Amino acid sequence: MNTHKKGIWAALLSNFLFGAMFLYSDWMAPMSGTTVFAWRMVSMLLSLWLIVLCTHGWPELFRFVYQVGMNGRKWLLILLPTPIIGYQLWLFMWAPVNGHGIDVAMGYFLFPLMMVLCGWLFLHEELSGWQWLAVGLAGMGVAHELWQNQVFSWVTLSVFTTYPLYYMLRRWMQVPALTGLLIDLTLIAPVAAFYLAFQPGSWAILTEPSRYWLLIPVMGIISAASMQLNLYASRMIPMSLFGMFSYLEPILLFVLTVTVLQTPVTVSAMITYSLIWVGLCFAMYDSYLKTQQANLARGKPSSAQA
């Protein structure tokens, strides 16, 4: 399997895992969203170190640290996005159980559009006709939402204005996916553990048999796998294509918010989402064409010919 296909599969799988993680705060009730976030950070860090041990990822980690060395400017640029990912991970766990599930979904719909624009503006990535059509339909959906509501919620703004900065900086600094996650969580997890230490009954969960004995470790495994796959995909496929594939996640978040979390959706909002979903279909078709062209260029039969 070539790099392009691996990036596509990684992007798809990570989005499905993010969808499962979106429900975790509901499953962990009566914990607050912030407490679930804290447990996620601690368990996720442990899972990442386990991945490093099982996949022999030490050489890559040490090589990166050695290459950066004592360069303070590089370390500053590497650590600069860490608060962004920490805030986004907290918001992702807090919002669904505090009535902002739809707002998060809207933010994640706008995030890929921002990624496409960033790839075009800053990385000089060319967009195909199908991608321009997809972006145009998504833009129409966004314009419709603005026309109906005039403003975005702070949750929506937080997602689509800050997340692109994280991916752009990490891509610019060429930080390996697993190494970047380890750096982020090594800084975030101690803060989360400090928070848990002062929450009544938090650590008693570890000593008293309960469903949390299963939910917390699984949460760490899913979190580590989804983030690693997502960051891997962001480096293996063009920024614009990665951005368009990211529309799958907000679709899942939207469906889960409505069906599982029982959040009502207006007819006007459905028009917005429908426009964006049609755009996603065009983006997926564009990805299919690129894959077929890549196969033909290497002399391999297309899926229709195989």
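When the criteria are applied in full, Ala134 fails the requirement of being among the hydrophobic types (A, V, I, L, M, F, W, C), touching a residue at least 12 places away in the same chain (Cβ under 8 Å) and under 18 Å from Thr257 (Cα atoms). Test Pro30 against the criterion of being without any contact (Cβ under 8 Å) to a residue 60 or more places away in the chain and in a helix (DSSP H, G or I), and give yes or no. Against the criterion (without any contact (Cβ under 8 Å) to a residue 60 or more places away in the chain and in a helix (DSSP H, G or I)), Pro30 does not qualify. Kindly indicate whether any position in region 277-292 is modelled with pLDDT of 85 or more, touching a Lys or Arg at 6+ places or on another chain (Cβ under 8 Å) and not aromatic (Phe, Trp, Tyr). Within region 277-292, not a single residue is modelled with pLDDT of 85 or more, touching a Lys or Arg at 6+ places or on another chain (Cβ under 8 Å) and not aromatic (Phe, Trp, Tyr).
Of Gly107, Gly19, all but one fail to be under 18 Å from the mean Cα position of the chain (by Cα) and either crowded, with 23+ Cβ neighbours inside 10 Å or at pLDDT below 85 (or both); the exception is Gly107.
Can you spot a residue in region 56-72 that is closer than 19 Å to Pro190 by Cβ and surrounded by 15 or more Cβ atoms within 10 Å (Cβ to Cβ)? Among the residues of region 56-72, at least one is closer than 19 Å to Pro190 by Cβ and surrounded by 15 or more Cβ atoms within 10 Å (Cβ to Cβ), which makes the answer yes. Among residues of region 145-185 being under 25 Å from Ile51 (Cα atoms) and of a type in the set (S, T, N, Q), the one that is surrounded by the most Cβ atoms within 10 Å (Cβ to Cβ) is Thr179.
Taken together, the residues in region 211-263 that are at pLDDT below 80, in a loop (DSSP other than H, G, I, E, B) and of a type outside the set (Val, Ile, Thr) amount to 3. Filtering region 137-162 to residues that are at pLDDT 85 or above and either among the hydroxyl-bearing types (Ser, Thr, Tyr) or over 21 Å from the mean Cα position of the chain (by Cα) (or both) leaves Leu137, Met140, Ser158, Thr162.
The residue list Val175, Val159 contains one member that is assigned to a loop (DSSP other than H, G, I, E, B), in contact with a helix residue (DSSP H, G or I) (Cβ under 9 Å, 6 or more places away or on another chain), in contact (Cβ under 8 Å) with a residue 24 or more places away in the chain and aliphatic (A, V, I, L, M), which is Val175. Taken together, the residues in region 108-136 that are among the aliphatic types (A, V, I, L, M), within 26 Å of Ala269 (Cβ to Cβ) and touching a Phe, Trp or Tyr at 6+ places or on another chain (Cβ under 7 Å) amount to 5.
The values are calculated or read from the model by the stated rules, or taken from the named source; none is laboratory data. Everything quoted here is computed from the prediction, not taken from an experiment. Because the Cβ atoms are built from the backbone with ideal geometry, glycine has one as well, and the counts that use them run over all protein chains shown.
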